[in-house]
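Single-structure report; data block below.
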């Protein structure tokens, strides 16, 4: 295996994946590269996940259930989507989910050197993603504020907030050249990348407003959202 950037300094969870799971997969010539990501590598917990990327038309039927599996074609399509400024708008969008975790992760196997090539690509942050995410926050600032003020159904309110906050954080991270890794540990990631405390404070104000009684919420929440959007755009 020719591309190891690890040793005893790796967290135990990653070492276990490498020695107990990857070792049984490594001899398969169809394996293009493998990487680990998760809280253990980011310093926010003990868990890690192994992702295997296969140079094949489909993931092998016998692929280990202890890893996540993608084909090279699928991985490359997701990477290219972000390069075009696509695949990031909703919290569950696969492109951002996969590539952000790859960017934060560590290669464990890369005989094909396709993993190293992908790593080099993610170091050049796609300007199209930065532009598209900033434009989305600016374009929806007022309409989203109105939706939040008008929302009566708690589910609608939650979905509107979750989607809007996701796009706001994508734009904030993209402006500094990072892929937003998801809502988990977002404040810690903001601190890590020295993005300041304005956004977490503005987000906290949004949640406080959202928890207000209905009539008060209808007035406070739109203003809190506008303040958050302005803060994000000022930092983009």
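Okay, here's what the table says:
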quantity: Residue match in segment 163-173 (condition: part of a helix (DSSP H, G or I) and free of Cβ contacts under 8 Å to residues at least 12 places away in the same chain); calculated: no
quantity: Residue check for residue 220: in a helix (DSSP H, G or I) and under 30 Å from residue 105 (Cβ atoms); calculated: no
quantity: Residue within segment 206-220 that is out of contact with any helix residue (DSSP H, G or I) (no Cβ under 6 Å at 6 or more places or on another chain) and closer than 19 Å to residue 138 by Cβ present; calculated: no
quantity: Residue 191 part of a helix (DSSP H, G or I) and surrounded by fewer than 19 Cβ atoms within 10 Å (Cβ to Cβ); calculated: yes
quantity: Residue 21 being touching a residue at least 12 places away in the same chain (Cβ under 8 Å), within 30 Å of residue 133 (Cβ to Cβ), buried (at least 16 other Cβ atoms within 10 Å of the Cβ) and touching a strand residue (DSSP E or B) at 6+ places or on another chain (Cβ under 7 Å); calculated: no
quantity: Among residues of segment 65-80, those that are in contact (Cβ under 8 Å) with a residue 12 or more places away in the chain and part of a loop (DSSP other than H, G, I, E, B), counted; calculated: 2
quantity: Sole residue being within 22 Å of the chain's Cα centre (by Cα) and in a loop (DSSP other than H, G, I, E, B), chosen from 62, 29, 46; calculated: 46
quantity: Unmet requirement for residue 152, which otherwise passes all of (1) more than 14 Å from the chain's Cα centre (by Cα); (2) within 22 Å of residue 95 (Cβ to Cβ); (3) at pLDDT below 95; calculated: (2)
quantity: Number of the condition not met by residue 13 [criteria: (1) out of contact with any strand residue (DSSP E or B) (no Cβ under 6 Å at 6 or more places or on another chain); (2) over 15 Å from residue 106 (Cα atoms); (3) part of a helix (DSSP H, G or I)]; calculated: (2)
quantity: Condition met for residue 120 (under 18 Å from residue 50 (Cα atoms) and either out of contact with any helix residue (DSSP H, G or I) (no Cβ under 9 Å at 6 or more places or on another chain) or not assigned by TED's automatic domain parsing to the domain that holds residue 176 (or both)); calculated: no
quantity: Output for segment 80-115, where each listed residue is over 14 Å from the mean Cα position of the chain (by Cα), over 17 Å from residue 174 (Cβ atoms) and surrounded by fewer than 21 Cβ atoms within 10 Å (Cβ to Cβ); calculated: 106, 107, 111, 112, 113, 114
quantity: Residue within segment 48-63 that is modelled with pLDDT under 95, closer than 25 Å to residue 177 by Cα and surrounded by fewer than 16 Cβ atoms within 10 Å (Cβ to Cβ) present; calculated: no
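The values are calculated or read from the model by the stated rules, or taken from the named source; none is laboratory data. Just so it is clear, the model here is predicted, and its values are computed rather than measured. Reconstructed Cβ throughout: ideal geometry from the backbone, glycine too, with neighbour counts over all protein chains shown.
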